[in-house]
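What follows is a short report on a single structure.
Bear in mind these aren't lab numbers, they're just calculated from the coordinates by the rules spelled out. This one's a predicted model, so the numbers in the text were calculated from it and none came from an experiment. Please note: Cβ atoms are built from the backbone with ideal geometry, for glycine as well, and neighbour counts cover all protein chains shown.
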Amino acid sequence: MNLFERQITIDERATALTYQTSTISVGLSGLISKNYQLPLRQHLHLILIMAAQQIHLIDRLLHLHDRSNRISIIHRVFIGQARMIAGLWPQFHEKGSLDFFSDKQLEYAQYSGILSDEEIDYPRHTLLWEFGEEIAKSTNQIKNHRIIMLTLETYRYSYIDNSDMLYFIRG
């Protein structure tokens, strides 16, 4: 069964998107954590950052493709993700997760575009590039372009270039 088929209500769409962010956050952070032998605390921090990044990316995509349902969906994704984090790691209680996600939304709002209009290999100062830089910084690999590009391409493949995802986002 395709996760992005059959979801028709706002709650079902938000649940599917929450599941999507969790799956990508855990998978990508696990890969980075394994490759760079990060301690558990750093790995958990990566999962939080990646979830926050994807929530913001989903919000931007909803803003472009489904403005009428954007606020309802993103609110439920925020709450669902915060509860999921709190359920897995009680030290990240729901309120703390919501505050973290809200703070990240404000930080990411300063980047004007998701991707650069120009087709260049290193689209600096775009949202996806900044996400990659933040993950590299969180792994103590500040100038590691491999991590930056892995993050950029994972998010791009999972959201921007994924026709199923964009069809789902459009409602």
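GNM on the chain, C-alpha springs below 10 Å: top fluctuator among GLU133, GLU12, GLU107?
Fluctuation is largest for GLU107.
Distance from the Cα centre of the range 125-159 to that of the range 1-79, in angstrom?
Centre-to-centre distance over Cα atoms comes out at 16 Å.
Taking 0.36 nm per residue of sequence separation and subtracting the Cα-Cα distance, how much length would be gained by fully extending the chain between ILE71 and TYR19, in nm to one decimal?
Separation in residues times 0.36 nm, less the Cα-Cα distance, equals 16.9 nm.
Does the range 10-169 come out rounded, prolate or oblate, given a ≥ b ≥ c as the square roots of the eigenvalues of its C-alpha gyration tensor, rounded meaning a/c under 1.5 and, failing that, prolate meaning a/b above b/c?
oblate
Once phi is turned into θ = phi - 60°, what whole-Hz ³J(HN,Hα) does the Karplus curve with 6.51, -1.76 and 1.60 give for every residue of the range 44-58, x standing for Gly and Pro?
After applying 6.51 cos²θ - 1.76 cosθ + 1.60, I find 4, 4, 4, 4, 4, 4, 5, 5, 4, 4, 5, 4, 5, 4, 4 Hz.
I'd like the Karplus ³J(HN,Hα) series for the range 140-156: coefficients 6.51, -1.76, 1.60, θ = phi - 60°, whole numbers in Hz, and an x wherever there's a Gly or Pro.
For the range 140-156, the Karplus-derived couplings read 6, 10, 3, 9, 7, 5, 5, 5, 4, 5, 4, 5, 4, 6, 5, 5, 5 Hz, x marking Gly and Pro.
Within the range 10-169, what is the number of lysine pairs with alpha carbons under 22 Å apart, leaving out pairs fewer than eight places apart on the same chain?
5
Name the residue, out of ALA86, ALA52, ALA14, whose mean-square fluctuation peaks in a Gaussian network model built on the chain with Cα pairs under 10 Å.
Result for the chain, Cα springs under 10 Å: ALA86 fluctuates most.
Based solely on its DSSP helices, what 222 nm [θ] is calculated for the chain when runs of n ≥ 4 H residues each add -39,500 (n - 2.57) and the sum is averaged over all residues, nearest 500 deg cm²/dmol?
Dividing the helical sum by the residues of the chain leaves -23500 deg cm²/dmol.
For GLN105 paired with LEU40, estimate the spin-label separation in nm (one decimal), with each label point 7 Å from Cα along the Cα-to-Cβ line.
That separation, rounded to one decimal, is 3.1 nm.
Take the chain, mark every one of the trypsin sites (Lys or Arg not before Pro) that falls in a DSSP loop and has at most 14 other Cβ within 10 Å, then report the longest stretch left between them, sites excluded.
With a cap of 14 other Cβ atoms within 10 Å, the longest stretch comes to 7-123.
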